[in-house]
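The values are calculated or read from the model by the stated rules, or taken from the named source; none is laboratory data. Fair warning: this is a prediction, and the values are worked out from it, not measured in the lab. For neighbour counting, all protein chains shown are included, and Cβ atoms are generated from backbone atoms with ideal geometry for every residue, glycine included.
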Amino acid sequence: MKTIISLLVVLVIAWNVKAQTLRKMNNRAFEKGEKLTFRVHYGIIDAGTAKMEVLEEDKKIGSRSVYHIVGTGNTNKAFDLFFKVRDKYETFIDEEALVPWMFIRKVQEGSYNLNQFVVFNQIKDEAKSDKGVYKTPDNIQDLLSTYYYLRNLDFSKSKPGDVFAQTAFLDNEVHKFYYKYLGRETIKTELGTFNCIKFCPSLLKGRVFKNEEDMVVWVTDDENKIPIRAEARILVGSVKMDLQSYSGVKQPLAVVSKK
């Protein structure tokens, strides 16, 4: 890993000749030290845990300061007997531009295993993996960085039915990620009651919101936009994810009442 990062540093130093062309965003949604833990249910079964953490590191890639963000998903030991999951995602996001410089994906889902490493050249609009070099649009995101970028968008003037799009690089392809704004809703959880914004995301080609209840996500109706709940219909049954604990959030949460 140290060798990979050292190589990346050399590459990014070369890219930073025109680094001033990168956009600048005011990140009001998250900061280092934020930790979110979710409980994952399959039907009535407690299936596993997912975590998202912005590590407390002063890390740079080339001359650029970055957020090192790690997301993990693991099934419980009892659920491993049915379908074992050990997933880990890492992204290194530019602190000013909120675009990724590097993305690491390690997936173990049943008998399926995948390891990916992508280096982004945000100046030349390129993504480099072990399969080659690919052209990308300006400010391309990866699977994990997309969420942290979207948290900084303003939806205060959005109306139910509004559809937004964001490009992300995944599996050596540029994908267009769509999400539909469904309105506001108050959600009761084990942590309390929260005012939320409701979205329906989709990554599937040819299936943009034909069945908008296939996946729904609720995030806090505040500047943090932390996921409170997500529900997804799958081929057999449904999967639900609820926020179990949080710490290190940057802004006050839209809490109606605490338990």
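Among residues belonging to segment 77-136 that are farther than 28 Å from Met25 by Cα and of a type in the set (Asp, Glu), point out the one that is farthest from the chain's Cα centre (by Cα).
Checking each candidate, the answer is Asp80.
Just to be sure I understand, how many residues within segment 241-252 are under 19 Å from the mean Cα position of the chain (by Cα) and part of a loop (DSSP other than H, G, I, E, B)?
Counting residues in segment 241-252 that are under 19 Å from the mean Cα position of the chain (by Cα) and part of a loop (DSSP other than H, G, I, E, B) gives 4.
Which of (1) in contact with a strand residue (DSSP E or B) (Cβ under 8 Å, 6 or more places away or on another chain); (2) surrounded by fewer than 19 Cβ atoms within 10 Å (Cβ to Cβ); (3) modelled with pLDDT under 85 does Ser202 not meet, given it meets every other one?
Result: Ser202 fails condition (2) only.
For residues that are without any contact (Cβ under 8 Å) to a residue 40 or more places away in the chain and among the polar types (S, T, N, Q), scanning just segment 133-163, find the one that is surrounded by the fewest Cβ atoms within 10 Å (Cβ to Cβ).
By that ranking, first place goes to Ser156.
I need a count of the residues in segment 45-83 that are of a type in the set (Lys, Arg), farther than 17 Å from Arg105 by Cα and surrounded by fewer than 19 Cβ atoms within 10 Å (Cβ to Cβ).
So the count comes out to 3.
Return a yes/no flag: does segment 141-158 have any residue that is closer than 29 Å to Ala47 by Cβ and in contact with an Asp or Glu (Cβ under 8 Å, 6 or more places away or on another chain).
The answer is yes; a qualifying residue exists.
Kindly indicate whether any position in segment 101-112 is at pLDDT 95 or above, assigned to a loop (DSSP other than H, G, I, E, B) and closer than 30 Å to Asn76 by Cβ.
no
Does Ala47 satisfy the condition of being farther than 30 Å from Glu126 by Cβ, among the aliphatic types (A, V, I, L, M) and within 23 Å of the chain's Cα centre (by Cα)?
yes
Looking at (1) assigned to a loop (DSSP other than H, G, I, E, B); (2) more than 15 Å from the chain's Cα centre (by Cα), which one does Val174 not meet, given that it meets all the others?
With respect to (1) assigned to a loop (DSSP other than H, G, I, E, B); (2) more than 15 Å from the chain's Cα centre (by Cα), Val174 is out only on (1).
Among the numbered criteria (1) part of a loop (DSSP other than H, G, I, E, B); (2) on the phi < 0 side of the Ramachandran plot; (3) touching a helix residue (DSSP H, G or I) at 6+ places or on another chain (Cβ under 6 Å); (4) buried (at least 17 other Cβ atoms within 10 Å of the Cβ), which single criterion is violated by Leu98?
Condition (2) is where Leu98 drops out.
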